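Chemist: Quick one: this structure, given as structure tokens, is what I'll be asking you about.
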Amino acid sequence: MTEAAETGRTGTQRQLVLFDLASENYAVDIHQVREIIRVPHITRVPQAPEFVEGVINLRGNVIPVLDLRKRFGLGEGEATDRRRIIVVEMDDRTIGMIVDAVSEVLRIDESLIDDPSPYIVSVNTRYIEGIVKLEDKLVVLLHLDQVLSEGEKERLARAVVDETDDGV
């Protein structure tokens, strides 16, 4: 019998970045994460969706920044020293996501991920890829490409282009 069969593991591993939002645990696949940074000055963008905080200059690139608390309807968060921006690749775009805190990077077995319950998944929660069952907590695994609707992605792209357009 193989070691994986003995332990009941499927052998397929995933590495996740775990973070906190409104005292709940969330995660994204590490392969979509470019980096994690402290929250710098954010330039507001006129007429952007209410959950878009603005844009930042990250080593010469203008990156839109979303507040995940606002996006998920979790209310306004406190500006603490633990807040971070997780810079991710979402649909071939680089986007920053403000979170309350990044807690850890974790390697888990795929068998620990359950599909989201049909009772909680709706059009508004299509961004939930699954629920990770850890020993001491449950973690909502996000499907990043679904966090924004197509219309929101287009509005965001237009707002960022308008902000960076120098009129030339």
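Laboratory data are not the source of any read-out in this text; all were calculated from the coordinates shown. A quick note: this is a predicted structure, and the numbers were derived from the prediction, not measured. Here the Cβ positions follow ideal geometry from the backbone for every residue, glycine too, while neighbour counts run over all protein chains shown.
Chemist: Can you list the trypsin sites (Lys or Arg not before Pro) in segment 15-48 that are in a DSSP coil and have 16 or fewer other beta carbons within 10 angstrom?
Modeler: R44
Chemist: Which of the chymotrypsin sites (Phe, Trp or Tyr not before Pro) across segment 67-144 are loop residues per DSSP, with 13 or fewer other Cβ within 10 Å?
Modeler: Of the chymotrypsin sites (Phe, Trp or Tyr not before Pro), the ones in loops of segment 67-144 whose Cβ has at most 13 other Cβ atoms within 10 Å are Y119.
Chemist: Right, here's the next one. I'd like the Karplus ³J(HN,Hα) series for segment 58-72: coefficients 6.51, -1.76, 1.60, θ = phi - 60°, whole numbers in Hz, and an x wherever there's a Gly or Pro.
Modeler: Per-residue couplings from phi come out as 10, 6, x, 10, 7, 10, x, 10, 9, 9, 5, 4, 5, 4, 8 Hz.
Chemist: Can you check what the Kirkwood hydrodynamic radius comes to for segment 1-116, Cα pairs only, in Å to one decimal?
Modeler: Details: mean 1/r = 0.0636 Å⁻¹.
Hydrodynamic radius (Kirkwood, Cα only) of segment 1-116 equals 15.7 Å.
Chemist: Hand me the GluC sites (Glu not before Pro) from segment 9-111 located in a DSSP loop with no more than 13 other Cβ atoms within 10 Å, in residue order please.
Modeler: Values: sites: E24, E35, E50, E53, E76, E78, E89, E104, E110; in loops: E50, E76, E78.
Of the GluC sites (Glu not before Pro), the ones in loops of segment 9-111 whose Cβ has at most 13 other Cβ atoms within 10 Å are E50, E76, E78.
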